[in-house]
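Contents: one structure, followed by commentary.
The values are calculated or read from the model by the stated rules, or taken from the named source; none is laboratory data. Computed from a predicted structure; not experimentally measured. Every residue, glycine as well, gets a Cβ built from its backbone with ideal geometry; the counts of neighbours run over all protein chains shown.
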Amino acid sequence: MKNLLLIAYLDLKESIRARWFIIYSLVFGGLIALFFIAGITESQVMGFSGLSRLLLMYIQVTIIILPIFILITTVRSISGDRDSHILEYMLSFPISLSQYYWGKVFGRFITVFLPVFMAMAIAIVYGISKGAAVPWSIFLLYTGLLFSLSSVFLGIAFFISSVVKSSEMALGISFFVWIFLLAFIDIALISLMLQNRMSEELIISLALINPMEIFRVAAISLFDPELTVMGPVAFYILDTVSQSVFVLFSIAYPMLLGIVFAFFGYSIFRKRDLV
Amino acid sequence: MIEVRGVTKKFGKTVSLDNVSIDFKKDDAVALMGANGAGKTTLIRLILGYYHPNAGTISINGMDPVKERVDILKHVSFVPQLPPPIKLSLDELIQYICSSSGVKKERIFHYANEMELDLKPNLGKSFFKLSGGMKQKLLIAISLAKESEIMIYDEPTANLDPKARDNFYRLLKEHEENKIALFVTHRLDEIKEIVNRQIYMDLGTIVSDECV
């Protein structure tokens, strides 16, 4: 455990110094600042206003950019160390493979989750200082969803990183995974259904296994399910399943999926040649 | 003691090590030589437990380097041919080594001093930002501070100036007693005074193994 925490701590320190982390933090922090500057908290569109509207905007942008940020920054974690012979040296010390791998996973999780969460937390603090009403239920839900989304893409990234030997290939696969999952959210699913006459059960099933779609639907599930912004698949899901069950599913399923991917990644990392 | 028995390692269709059997005993100071692609580094990596052999077995003090890598690596020091671009600061790297291997920080400072590397003003710098020679000196200092039974050096002097090489060989001479020291090298003349065994490899096999 001591070595695992040491690896996590050192990975965290190394990441915080890296340029990508500064850009990553600036993007999410900058988004919140931009929303405030643009007066989003003062506007009212389709029933959303104040901090609720800001958080909704934030989460909708996050759906698109958080997965790819996590994938491209994490996917080189193992494969990059392997490419540059860092792994060869670092693993010449008595550190078990599980300590090294899981230490990297924990360290990297903190690195990717903290900036997105902190940006949201800063928005809340700033909103309070301006006297705005805080939508705590939305804040809590979004914290859970961000945690869950970070887990699943981190798990996928570590899986890719363990499977692929070169970091360039790992990056390519990351882009493919991101585009693929992005393509299968709501509108694209409906187009697919209409063009290929697929059954709605299949379309809903496809939506329910896609963590990005689940995140998207859950993010708007606290609002009026009649809203047209939700899209047909989201509407169907929320009309069929109770809101609380779906929210629980939307947090638990991606987390579980992330853990499964991370375990598969570890299993491959352990069984294959290390360098 | 290191026992390599009928080990074959393939990468795709390429046979990197072909049915190699060899033993290394205490007090062996071995120069491992051969052309590029002869299988020297593959053999070293198999001993370090990085590769799974396709056939054969490797045993270090009766243990399997893949399955019992942590127990084995407590007794192994390794210096790679090229220092990797580790982004940790020297302080963090030393912390990693001291904490994982139980090495005393003072020992690393002591050997760094012996290698004429002043660590203190560089502790906050990233390892990869040091010059090639400084990196190599630090890795050598760490390998000596670990006081391992098995020391593996893959072309360790490639980045060192003549003075640093002399320091390195002097320190090795003082420390190789009761140990196994493996040197992957292309320059036998440099290490002939500290080795007592020469092994030549070619195309994944051992072509000669002689005591000197």
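Working only within segment A:114-150, note down all residues that are of a type in the set (Ser, Thr, Tyr), free of Cβ contacts under 8 Å to residues at least 40 places away in the same chain and more than 28 Å from A:Ile16 (Cα to Cα).
A:Ser129
May I ask you to verify whether A:Leu91 is out of contact with any Ser or Thr (no Cβ under 6 Å at 6 or more places or on another chain), within 14 Å of chain B (Cβ to nearest Cβ) and modelled with pLDDT of 90 or more?
Criteria met by A:Leu91.
Residue under question is B:Phe78, and the condition is that it be within 14 Å of another protein chain (Cβ to nearest Cβ), buried (at least 22 other Cβ atoms within 10 Å of the Cβ) and farther than 15 Å from B:Leu172 by Cα; does it hold?
For B:Phe78, the condition - within 14 Å of another protein chain (Cβ to nearest Cβ), buried (at least 22 other Cβ atoms within 10 Å of the Cβ) and farther than 15 Å from B:Leu172 by Cα - is not met.
Out of (1) away from chain A (no Cβ under 14 Å); (2) closer than 21 Å to A:Ser98 by Cβ, what's the single condition that is false for B:Tyr96?
(1)
How many residues are out of contact with any Ser or Thr (no Cβ under 7 Å at 6 or more places or on another chain) and either away from every other protein chain (no Cβ under 13 Å) or part of a helix (DSSP H, G or I) (or both) when one looks only at segment A:75-88?
The qualifying residues number 5.
Would you check which residues across segment B:8-52 are among the hydrophobic types (A, V, I, L, M, F, W, C) and within 14 Å of chain A (Cβ to nearest Cβ) and list them?
Hits for segment B:8-52 are B:Phe11, B:Leu17, B:Leu43, B:Ile44, B:Leu46, B:Ile47, B:Leu48.
Among the residues that make up segment A:247-268, is at least one of them modelled with pLDDT of 75 or more, touching a Phe, Trp or Tyr at 6+ places or on another chain (Cβ under 8 Å), surrounded by fewer than 19 Cβ atoms within 10 Å (Cβ to Cβ) and within 14 Å of chain B (Cβ to nearest Cβ)?
Yes: segment A:247-268 contains one or more residues that are modelled with pLDDT of 75 or more, touching a Phe, Trp or Tyr at 6+ places or on another chain (Cβ under 8 Å), surrounded by fewer than 19 Cβ atoms within 10 Å (Cβ to Cβ) and within 14 Å of chain B (Cβ to nearest Cβ).
Restricting attention to segment B:51-94, report how many residues are more than 22 Å from B:Ile142 (Cα to Cα), in contact with a Ser or Thr (Cβ under 8 Å, 6 or more places away or on another chain) and of a type outside the set (Gly, Ala, Ser).
4
Can you spot a residue in segment A:42-51 that is more than 25 Å from the chain's Cα centre (by Cα), β-branched (Val, Ile, Thr) and either assigned to a helix (DSSP H, G or I) or away from every other protein chain (no Cβ under 14 Å) (or both)?
For segment A:42-51, residues more than 25 Å from the chain's Cα centre (by Cα), β-branched (Val, Ile, Thr) and either assigned to a helix (DSSP H, G or I) or away from every other protein chain (no Cβ under 14 Å) (or both): present.
Are any residues in segment B:150-164 crowded, with 16+ Cβ neighbours inside 10 Å and of a type in the set (D, E, K, R), and if so, which ones?
B:Asp154, B:Glu155
So, in segment B:83-93, of the ones that are within 7 Å of chain A (Cβ to nearest Cβ) and in a loop (DSSP other than H, G, I, E, B), which residue ends up surrounded by the most Cβ atoms within 10 Å (Cβ to Cβ)?
B:Ile86
Would you point out which residue out of B:Ala164, B:Ala181 is of a type in the set (A, V, I, L, M, F, W, C), more than 19 Å from B:Ala29 (Cα to Cα), touching a residue at least 24 places away in the same chain (Cβ under 8 Å) and away from chain A (no Cβ under 14 Å)?
It is B:Ala164.
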